[in-house]
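Here is the structure we will look at, set down as structure tokens.
Values quoted throughout were computed directly from the atomic coordinates according to the rules given, and no laboratory measurement underlies them. What you see is a predicted model; the values in this text were computed from it and never measured. Here the Cβ is made from the backbone with ideal geometry for all residues, glycine too, and neighbour counts use every protein chain on show.
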Amino acid sequence: MDVRKLTLRESVRYCSRLSFDEVLARLRARVGEATADNIVGLSGTREEFAEKVQQYVGDTIPPGLFLPVEFLLAESGDGASCNVTYVVPSSLIVVDANPQLLSAAQALDAKVEALVASAVTR
């Protein structure tokens, strides 16, 4: 059996002087409360969503495993500051040569970075 192991991930950590509660509130204000139905609803029906995803990823599963993006928000020991850590989406989503998928994933990278940066600074 031919086995191939790939370790592909790049993480980012933002250290903020803002409190945990303030950064959490800022993230929620920018993102809202996302549910699977809300995400699918952005594209119409589940079938329409699946068709759109299929155009980019074909029959492979890995790209969809890492969406939505997850954040780890950790409070400092003194409670006066916090860190936001996430894995850069493109480092997980794109595991094979796929220029369209890479372009879409890099656009997501930029949006995630802008979101977090805006939440951790005044």
- Task: Could you check the simple spin-label distance between Val95 and Val31, using points 7 Å along Cα→Cβ, in nm with one decimal?
- Result: 2.3 nm
- Name all residues of the range 64-94 having a backbone nitrogen under 12 Å from the label point set 7 Å from the Cα of Glu22 along its Cα→Cβ direction, giving them as ranges. 80-82
